[in-house]
Amino acid sequence: MSTGTLNQYIQLVERVFRTAQGNILARLLSLRDEHVGNRNLRSSDIASLVEGNCIAPLDEIVTYHLLCIKALYDRDYISAFEHQSVCVAAVNKLLQVQKEENWTLPLMYTVCLDLRLIAQKVEACHSQSEGKILEKAADSLLASFRVCAADNRSSDNDTKRLGMLNLVNQLLKVYFRINKLHLCKPLVRAIDSSPFKAQFPLAQQITFKYFVGRKATFDSDYKAADEHLSYAFKHCHRKSSKNKRLILTYLVPVKMLLGFMPSQLLLEKYDLMQFWDLVSAVKDGNLRGIDQVMDEHESFFIKAGIYLIVEKLKIIAYRNLFRKVYLLENTHQIEIASFQAALQIMGQEDVDSDETQCIVANLIYDGKIKGYISYQHKKVVVSKQNAFPPLSSL
């Protein structure tokens, strides 16, 4: 769509606004649309040219959109962020003025997304900002969210509450970036209790489930993490291999902690072979092997934020190693020294008897071993029935 001169662009935006074409209006005010490259829109006197040629409150939105375009062209990202923040606030005012209608929601989604992307650009160019710009962006997004959440009187078809999930997803992306996961909780609660939960677009629901699943992973709530991440993976479009790989990066270690090991075929399909040697090591109770995998793929695990979760797989490896000892000894009363020797063979040479007892005690507490420790006889007495229950049954 050609926008021509500045006046032609303003007239086009105004015409689209008057005819309530939300998606086209959003495109005309998007920083990712082709009109951004039009040099005619980078005038040195934007405010006075827009004023009087555009109806209120659209004039303020257009003015700050054009000022933002100019700042981006000049690579002045901080000014661009400030202009876009005002643009978002102006869109919020527009939404509040519009009663019983929500056709401008696509515009709100667009200006909010652009604000987040500019904030990320500022953070990348000014490392000393330490997340402060993204925090400011989150405040603006939260203001938009409140406008949507407060729209209780409109009909179900016209309510702005249908825009809540899009904004929550934007906020979750910001909070994960700046490591403020505690701020996610009220947002998740707001969506879970929303009467429009099933009406949100599937793509937005998938994004939401992905972030809620990641949050549950960091909270060590692996059953919930499995539920949310599995939903996201199952409903993700089959051609979206990049997104499926991203979901699996968190779902695979969660599944492993719950006792479900991924196939080599799956890991090959989604280019996640970093996990394959880990699967073998965990199955074999090979603690030295786990350490080697973690050293080799350390940057991958750290970048994905799953290093500590992967490290917890050692608990499963301990359980599998001790089960081998139990099968070899073929008795229900096993010397602590036997478990200690197995740990030392697997690379933990400096482990002592007390530390070995501590590991066994944790496994018993978690239900991964059925039995008790006889400290007097320095033995582990395991159940005669199902001493090592399948992890998937826990």
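Structure data summary
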quantity	calculated
Members of region 324-333 that are out of contact with any helix residue (DSSP H, G or I) (no Cβ under 6 Å at 6 or more places or on another chain) and open to solvent by less than 50 Å² (accessible area, probe 1.4 Å)	Tyr326, Thr331
Sole exception among (1) of a type in the set (A, V, I, L, M, F, W, C); (2) under 24 Å from Ala143 (Cα atoms); (3) open to solvent by 50 Å² or more (accessible area, probe 1.4 Å) for Val62, by number	(3)
Qualifying residue in region 224-234 (condition: loosely packed, with under 13 Cβ neighbours inside 10 Å, over 11 Å from the mean Cα position of the chain (by Cα), at pLDDT 95 or above and in a helix (DSSP H, G or I))	yes
Cβ-Cβ under 6 Å pairs, at least 6 apart or on other chains, region 136-158 side farther than 24 Å from Ala119 by Cβ and at pLDDT 90 or above, far side open to solvent by 20 Å² or more (accessible area, probe 1.4 Å) and not in a helix (DSSP H, G or I)	Asp158/Glu100; Asp158/Glu101; Asp158/Asn102
Hits in region 235-268 - residues which are among the small types (Gly, Ala, Ser) and open to solvent by 50 Å² or more (accessible area, probe 1.4 Å)	Ser241, Ser263
Gln84 being assigned to a helix (DSSP H, G or I), open to solvent by 70 Å² or more (accessible area, probe 1.4 Å) and of a type outside the set (D, E, K, R)	no
Subset of region 270-287 [free of Cβ contacts under 8 Å to residues at least 24 places away in the same chain and either more than 16 Å from Ile315 (Cα to Cα) or assigned to a loop (DSSP other than H, G, I, E, B) (or both)]	Met273, Phe275, Trp276, Asp277
The lone exception for Leu278 - which of (1) crowded, with 19+ Cβ neighbours inside 10 Å; (2) within 17 Å of the chain's Cα centre (by Cα) it fails	(2)
Matching residues, region 377-392, being more than 12 Å from Ile364 (Cβ to Cβ) and without any contact (Cβ under 8 Å) to a residue 60 or more places away in the chain	His377, Lys378, Lys379, Lys384, Gln385, Asn386
Evaluation of Leu167 against (1) hydrophobic (A, V, I, L, M, F, W, C); (2) modelled with pLDDT of 95 or more; (3) farther than 20 Å from Val111 by Cα; (4) touching a Leu at 6+ places or on another chain (Cβ under 7 Å) (one fails), failing number	(3)
Some residue of region 25-39 being assigned to a helix (DSSP H, G or I), polar (S, T, N, Q) and either more than 17 Å from Leu113 (Cβ to Cβ) or in contact (Cβ under 8 Å) with a residue 24 or more places away in the chain (or both)	no
Tally, over region 334-356, of residues that are more than 15 Å from Arg319 (Cβ to Cβ), buried (at least 18 other Cβ atoms within 10 Å of the Cβ) and in contact with a Ser or Thr (Cβ under 8 Å, 6 or more places away or on another chain)	2
Exclusive hit being assigned to a helix (DSSP H, G or I) and open to solvent by 10 Å² or more (accessible area, probe 1.4 Å), set Ile373, Ile290, Ile316, Ile359	Ile359
Total residues in region 244-268, condition in contact with a helix residue (DSSP H, G or I) (Cβ under 8 Å, 6 or more places away or on another chain) and among the polar types (S, T, N, Q)	2
Which listed residue, of Asp271, Asp221, Asp284, is acidic (Asp, Glu), in contact with a helix residue (DSSP H, G or I) (Cβ under 8 Å, 6 or more places away or on another chain) and either closer than 24 Å to Leu391 by Cα or buried (at least 20 other Cβ atoms within 10 Å of the Cβ) (or both)	Asp284
Single match in Arg15, Arg32, Arg27, Arg75 (criterion: more than 31 Å from the chain's Cα centre (by Cα) and open to solvent by 10 Å² or more (accessible area, probe 1.4 Å))	Arg15
Filtered residues of region 376-386 (kept if in contact with a helix residue (DSSP H, G or I) (Cβ under 6 Å, 6 or more places away or on another chain) and either surrounded by fewer than 15 Cβ atoms within 10 Å (Cβ to Cβ) or closer than 23 Å to Leu257 by Cα (or both))	Lys378
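The values are calculated or read from the model by the stated rules, or taken from the named source; none is laboratory data. From a predicted model like this one, the values you see are computed outputs, not experimental measurements. Note: ideal-geometry Cβ built from the backbone for every residue, glycine included; neighbour counts use all protein chains shown. Each accessible area value is taken on the protein alone, full model and side chains, heavy atoms only, with ligands, DNA and RNA left out. Shrake-Rupley method; radii C 1.70, N 1.55, O 1.52, S 1.80 Å.
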